Each structure stands twice: as C-alpha cells, then as structure tokens.
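The structure appears below as structure tokens.
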Amino acid sequence: MTDTDYTPPSIWTWEKGNGGKFANINRPTAGATHESTLPVGEHPFQLYSLATPNGVKVTVLFEELLVRGFTDAEYDAWLIDIGEGDQFGSGFVEINPNSKIPALLDRSTEPHTRVFESGSILLYLAEKFGAFVPTGAAERTECMNWLFWQMGSAPYLGGGFGHFYSYAPVRIKYCIDRFAMEAKRQLDVLDRHLADREWMAGEYSIADMAIWPWYGQLVLGRLYDAAKFLQVHGYTNVVRWAETIDARDAVQRGRMVNRSFGDPALQLRERHDAGDFETRTQDKLETNTD
C-alpha cells in the first residue's frame, strides 16, 4: 500500500516515529514529559521562545516598544529548543499548557500573568503599553481583523504547505498542490489589500508584526526555500511592504533573538539587555551551545 491509496482504519492508533522532521517530538497527548524549571532573569517580562515566525512576532514587538521609549518593556528571552522537547518541560507547560512557543510570563503583576499564543501576547503587550494598536474604533477593529486573519491563515502556510513541501517524509502531489494553492490565495489577499496601503491597518501595528514573520519572510525567500516554486515575486505589493518592515532596526534585532540556526551572525540565543546585540561573538554562541 502506498501513501496515495491509504484507507483509514476504523480507529486511529499512534505509530511512533512515523516520519518527518519533527516525528520524535510529535505525540497525541498533552502535558509535561519531564520536570524542568525555567530560568528567570531580572526583567519584568520573561519570554521563552525560539526564532520561528511565531516567536519572531513577539521579539519584534518588544524591540519596537523599546525603540519607542517604553523602558518598562525590557525583557529576558530564553531559548526553548523544540527539537529537544524543551516545550514539554513542566515549567514551560505551566505557562503554556499547549506546549508551543512563544510563552510569556509577566512578573510585574501579582500574581504573575502567563500569556500564551503569539497573537494573545501581541495584544497583551500592545494594550499594556498603549502602543501599536490604533485607538479609533474602526481602525482598531481593522487591526484585529488582520491579527486574527493571520492566526487563522498561517497554519495553512506552515502546517499545511510548509510541512508537506519541506518536512514530510514523502512528497505527496495532492497535499503540496492543495496547500500551495491556498498559500498563493492568501498572498493574493494580502497583495490586493496592500495595493493602496502602506500598512495592514492604517498605521504600523501588531497586525503587521504578526503577518510579516510568515508572509513577509516568505516573499523575501526565507521560508521553506519556496520563493521560486510559489513565484512570490509576483506579489509586488507584499514584497514592497515586506522590504519596508525588514529594514526597520527593531525588526532586524527581533529576528535574531532566540535564533539558534542559520547564519551565526544573525543568532542571539538569549537576550537579556540591548548590549547583547553588540557583544555577541561566535565564541559566545559556541559557549551557549555547550
């Protein structure tokens, strides 16, 4: 029997190690697999994350808040290695029972406030500091429209197209075609919206910060090595918007935080103050890896 003529059994059963890049950490149950205490730094905000698109959303917002002068937005960012199963440690699960990065603990409140799901973290921080969310009712609603559009749409890009195009143990034409079509439809949605707009919701906001790490980096050729396959250069308005955001200093810093892969010059495994960006070296990276 091949993958193309598979008939589902009457009752599904889990087959461990069923292939794919993340087969060793995927499982059908929730909860902690081991005891693990999370580190805590000196700042009010403790972020536990990885520089995947969902993680980048939050570090970009933190860096943008600091640029805007919100000194209370200082944060410690700790690396969660999802390939090693750090997200299933008891300390992480206590903050995020869904065992997905990013997870945030706000220690400025009593009791401390846990925040999980990237969109929820963006909205929590934006409202706490009164920044990067439009204040007008119509404009705020538009911002929320696009924030939640991203949360609902990106799983088709990542878990759908990205998985079957890049990570699945076998390449199945139907699956790749189905999700490539959806990825291109979503890019077309964005391209039409941005045809006569600089930003997603009237001003630079958390809607842009949520969408850019996925769709912006896709058209910039940074996701799944799929730029040519999807012909992303044709979405000229998305490309223009993506390049504009990519040039922002805070975005460039936010991309680096909790990155443990790719170009070493773009990696900052942990972030505890702004000076970490200036003092990082290859030796420091190798020390942190030990």
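Before moving on, here are some points about what is shown:
- Diffusion of region 1-112 by Stokes-Einstein, at 37 °C in a medium of 0.692 mPa s and with Rh set to the Kirkwood radius over alpha-carbon pairs, works out to 201 µm²/s.
- Scattering profile of region 223-281 at q = 0.21, 0.25, 0.26 Å⁻¹ [log10 I(q)/I(0), Debye over alpha-carbon scatterers]: -0.89, -1.02, -1.05
- Neighbours of T59, meaning other residues whose beta-carbon lies under 9 angstrom from its beta-carbon, give a summed charge of +3 when Lys and Arg score +1 and Asp and Glu score -1.
- Count Lys and Arg as plus one, Asp and Glu as minus one, and take only other residues whose Cβ is under 12 Å from that of R140; the net charge is then -4.
- Span-like helix check, the chain: qualifying full DSSP H segments, with Cα axial length of 27 Å or more and mean Kyte-Doolittle of -0.5 or more, are 137-155.
- Counted by Cβ distance under 9 Å from A201, the other residues give a net charge of -2, where Lys and Arg count +1 and Asp and Glu count -1.
- Distance between the modelled labels on F70 and A30, one decimal in nanometres: 2.8 nm (7 Å Cα→Cβ projection).
- Here K100 is the anchor, and the aspartates and glutamates within straight C-alpha reach of less than 20 Å, apart from those fewer than 8 places off in the same chain, are E35, D76, D81, E84, D86, E117, E270.
- Euclidean distance between Cα centres, region 175-245 to region 107-163, Å: 18
- Available extension along the chain between R114 and R192 is 24.4 nm, counting 0.36 nm per residue and deducting the alpha carbon span.
- Size of region 137-249: Rg and Dmax of its alpha carbons, in Å, are 14.1, 48.
- Using θ = phi - 60° in the Karplus curve 6.51 cos²θ - 1.76 cosθ + 1.60, the 3J(HN,Hα) couplings for region 39-44 round to x, 9, x, 8, 8, x Hz; x is entered for Gly and Pro.
- When each of the peptides 259-270, 29-40 is scored by how many other beta carbons lie within 10 Å of its residues on average, the order from highest to lowest is 259-270, 29-40.
Values quoted throughout were computed directly from the atomic coordinates according to the rules given, and no laboratory measurement underlies them. This structure is a prediction, so every number in the text was calculated from the model and none was measured. So basically every Cβ, Gly included, is an ideal-geometry build from the backbone, and we count neighbours across all protein chains shown.
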